[in-house]
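*Asks:* Could you have a look at this structure, given as structure tokens, before my questions?
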Amino acid sequence: MEFNETPLPSQQVIKKNFVEIHNYPEKPIIEYSETGRSYTYNIIEEGNYPPVAYLKYTKRQNGFRIPDNYEVEMSWGKPKKRHLVRCIIKYVDNNYKL
């Protein structure tokens, strides 16, 4: 995918068929859209990273760290039929739980 490296207002990032608009961390809302889809993320709690010995990662290659006490709401869909999911991650006995 092509990536536009020129910063745009409100840290708008444009890739081929992909737009992400945010002013994070000043504002907790991240808007993401691609052809035919749009998502809104509301970061409620950033959480913190546990010691490396207990830290977990997403399964992707070069995965992202998963923080403890992280809370986010994600919504998607058309205005009259928006779906909303709240995800809270808490480490219990040094393993994370969703």
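*Asks:* Amide H to amide H, which residues 5 or more places from TYR91 or on other chains are under 5 Å from it, using H placed in the peptide plane?
*Replies:* Those lying under 5 Å, H to H, from TYR91 are ASN69, LYS97.
*Asks:* Can you list residues from other chains, or at least 5 along the same chain, whose modelled amide H is less than 5 Å from the amide H of TYR49?
*Replies:* ASP68
*Asks:* Under a point-charge model restricted to the Cβ atoms of Lys and Arg (+1) and Asp and Glu (-1), what is the dipole moment magnitude of the range 43-98 relative to its Cα centre, in debye to the nearest 20?
*Replies:* It comes to approximately 500 debye.
*Asks:* Hey, rough spin-label estimate for VAL52 and LYS90, points 7 angstrom out along Cα→Cβ, what's it come to in nanometres?
*Replies:* 2.9 nm
Values quoted throughout were computed directly from the atomic coordinates according to the rules given, and no laboratory measurement underlies them. Quantities reported herein were computed from a predicted structural model and do not represent experimental measurements. A quick note on method: Cβ atoms are made from the backbone with ideal geometry, for glycine too, and the neighbour counts reach across all protein chains shown.
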